Amino acid sequence: MTLTPVDWIIIAVYLAGCLFAGLWMRRFVRGVQDFAVAGREMDVNLGIASLAATELGLVTIMYTAQLGYEKGFAGAMIGVVMAAAIWVVGRTGFVIEPLRNAGVMTIPELFEKRFSPRVRWLAGLFVVLGGLLNMGIFLRLGGEFLVHATGLPPGWLEWIMTGLLGLVLVYTALGGMLSVLVTDYLQFLVMGVGIVATSVLVILHIGWSDLLAGLDAAWSSGALKAHPYDATHATSFGWGYLLWQFVFQVACATTWQTQISRVLAARDATTARRMYTRTSFYFVGRFLLPGLWGAAALVWFTRNGGLPQNLTTLTAMPHYLSIVLPAGIIGIVVAAMLAAEMSTDSGYMLTWATVIYNDLVTPCLKKPLSPRGELVLTRFLVLGIAVFLLFYGLWYELPGNAWDYLAVTGNIYLASVFTLLVAGLYWPRANATGAAAALVLGAVGPLVFLVLGTKYQIAPEVAGASSFALAALGMIAGSMLSPARAKSASVA
């Protein structure tokens, strides 16, 4: 389907509104505190909208739909595990409460108080490395959706990616977290309408009973290789993968810097905990509804001669939506998907730029920069990240499906930094030697997977679980075999 003038008007109005709102917030940015953590004045409702919007990007829609296409409704089990992990962290305050009370802007900043400046710098390096590699495929997957859903020529993909990134870059670099929070709120509303409307239209098109019968038939015929409902089945995720995912999701909830940036921007620890508990169930829908689209695409293509050669399990869903969605409605859906992409890109670029400025550049400066110099530097870092993402997204080839890539690249720093946080906050014996050993060893498994995973068929859960085990081993062995000279971080 090609977009009608009505569709283009809807998209243009939405993009113009986001740009205006983002630029308007520039006038309130007075320093790096406002730019990076919005002056620590975020309330619960704005935090819920911002966290939900940032963690539901167009890349999320793509990989969750791919899970639905490859594993049926069992693919949504990852969302259930994620929701449980976030709820537990919010209910108990595990890690996030003392972290917010410490008054830091980034996680590595805490490590200087608890361990040493060198540990802070090394942790910042791994955070940036894992974060940028993780985000590297966002634009490519977003462009794939827009090209296949709208019928635009494939050669336009790079131009779409560049234009969208440029738009997000303008208001993120100028307004920082204040712009991100305001635009996240708008994008959260648009996404909610678009995702629910699309789900209703998909069910009306395929039929609920026909969808279930189609999944059963695809499973029986072998067109669907995994059990469509049982995530613990040997053909699906299996218990080992789900166990790794729970540990991984707890680590995400307490360590993933884009989520933690909302914790650090909250008014207090109580606000941060409420934000987590009230947002948790949203993550079930984040996997279930796009997964429904992917499952419906599987049934439709199976009944109509199979998946065309020019499509993959990743691009099947947007192509299917181009068939399902009528003119006018597709403009709303594309606007919603652009909202998802923009909120994620802006939040992620700001997060990694803040870490680079706060934990890699600042410790190396002989004298502090002026407030204006700090803002200019951070804005240039956002620009540099945008350039990296544009070029990396054009050439990197995924080793396996998108979700496994995102989980493993995140593990480059999640396992090690999670180990440092837990040990630093709850184990008095932890010291700088153990922290350095945990950082290095924790990155080994994911990096080996990225380099050799396709060639030697390394399972993602093996790479992920090994990173947690090696990080814990490094922390325990390093701390026990060296003198304890750690100083406690302030959590007042």
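The values are calculated or read from the model by the stated rules, or taken from the named source; none is laboratory data. Predicted, not measured: the structure shown is a model, and the values here were computed from it. In this analysis, Cβ positions are derived from the backbone assuming ideal geometry, glycine residues included, and neighbour counts consider all displayed protein chains.
Taking region 286-312, which residues are surrounded by fewer than 20 Cβ atoms within 10 Å (Cβ to Cβ) and closer than 20 Å to Gly142 by Cβ?
Answer for region 286-312, where residues must be surrounded by fewer than 20 Cβ atoms within 10 Å (Cβ to Cβ) and closer than 20 Å to Gly142 by Cβ: Asn310, Leu311, Thr312.
Kindly establish whether Tyr405 is under 22 Å from Gly57 (Cβ atoms), surrounded by fewer than 17 Cβ atoms within 10 Å (Cβ to Cβ), within 25 Å of the chain's Cα centre (by Cα) and modelled with pLDDT under 75. Talk me through it step by step, then tell me what you get.
Values: under 22 Å from Gly57 (Cβ atoms): yes; surrounded by fewer than 17 Cβ atoms within 10 Å (Cβ to Cβ): no; within 25 Å of the chain's Cα centre (by Cα): yes; modelled with pLDDT under 75: yes.
So Tyr405 does not fit the description; no.
Just give me the residues in region 311-341 being in a loop (DSSP other than H, G, I, E, B) and farther than 16 Å from Ile203 by Cα, in sequence order.
The first filter runs over region 311-341 and keeps only residues in a loop (DSSP other than H, G, I, E, B), leaving 311-315, 325-328.
Residues satisfying the conditions are Leu311, Thr312, Thr313, Leu314, Thr315, Ala327, Gly328.
If you go through region 262-272, how many residues are farther than 18 Å from Tyr282 by Cβ and in contact (Cβ under 8 Å) with a residue 12 or more places away in the chain?
Going residue by residue through region 262-272, those that are farther than 18 Å from Tyr282 by Cβ are 264-265, 267-270.
Okay, now just the ones that are also in contact (Cβ under 8 Å) with a residue 12 or more places away in the chain, so 264-265, 267-269.
Number of matching residues: 5.
Count, please, the residues in region 293-316 that happen to be of a type in the set (A, V, I, L, M, F, W, C) and more than 19 Å from Glu144 (Cα to Cα). Break it down stepwise before answering.
So in region 293-316, the residues of a type in the set (A, V, I, L, M, F, W, C) come out as 293, 295-301, 307, 311, 314, 316.
Those left that are additionally more than 19 Å from Glu144 (Cα to Cα): 299-300.
Number of matching residues: 2.
Take region 166-222 and flag every residue that is of a type outside the set (Gly, Ala, Ser), modelled with pLDDT under 85 and surrounded by fewer than 17 Cβ atoms within 10 Å (Cβ to Cβ). I'd like the intermediate steps shown before the answer.
First, the residues of region 166-222 that are of a type outside the set (Gly, Ala, Ser): 167-172, 174, 177-178, 180-191, 193, 195-196, 198, 200-206, 208, 210-212, 215-216, 219.
Cutting the leftovers down to modelled with pLDDT under 85 gives us 167-172, 174, 177-178, 180-191, 193, 195.
Scanning region 166-222 gives Val170, Leu189, Val193.
Considering only residues of region 217-231 that are out of contact with any Gly (no Cβ under 8 Å at 6 or more places or on another chain) and hydroxyl-bearing (Ser, Thr, Tyr), which is nearest to Arg303 (Cα to Cα)?
The qualifying residue nearest to Arg303 (Cα to Cα) is Ser221.
Look through Leu129, Leu56 and report the one residue that is of a type outside the set (Asp, Glu), at pLDDT below 85 and buried (at least 24 other Cβ atoms within 10 Å of the Cβ).
Numbers: Leu129 fails: buried (at least 24 other Cβ atoms within 10 Å of the Cβ).
The match here is Leu56.
Out of Phe35, Phe28, Phe73, Phe20, report the one residue that is at pLDDT 85 or above and either surrounded by fewer than 23 Cβ atoms within 10 Å (Cβ to Cβ) or aromatic (Phe, Trp, Tyr) (or both).
Phe73
Mind telling me which of the residues Arg278, Arg303 ends up being basic (Lys, Arg) and farther than 23 Å from Ile78 by Cβ?
Details: Arg278 fails: farther than 23 Å from Ile78 by Cβ.
Every option except Arg303 fails the conditions.
Checking Gly93 against (1) at pLDDT 85 or above; (2) over 26 Å from Asp359 (Cβ atoms): exactly one of these is not met. Which one?
Among (1) at pLDDT 85 or above; (2) over 26 Å from Asp359 (Cβ atoms), the lone unmet condition for Gly93 is (2).
Is there any pair linking a residue in region 301-329 that is among the charged types (D, E, K, R) to one that is assigned to a helix (DSSP H, G or I), with Cβ under 7 Å and at least six apart or on different chains, and which?
Between residues of region 301-329 that are among the charged types (D, E, K, R) and residues that are assigned to a helix (DSSP H, G or I), the close pairs are Arg303/Gly214.
Assuming Thr235 fulfils every condition listed in (1) modelled with pLDDT of 90 or more; (2) in a helix (DSSP H, G or I); (3) polar (S, T, N, Q) apart from one, which condition is it?
Here Thr235 meets the rest and fails (2).
I'm told Lys455 meets every condition in (1) among the basic types (Lys, Arg); (2) at pLDDT 70 or above; (3) assigned to a helix (DSSP H, G or I) except one. Can you identify the failing condition by its number?
(2)
Looking only at region 132-149, how many residues end up being surrounded by fewer than 22 Cβ atoms within 10 Å (Cβ to Cβ) and not in a helix (DSSP H, G or I)?
1
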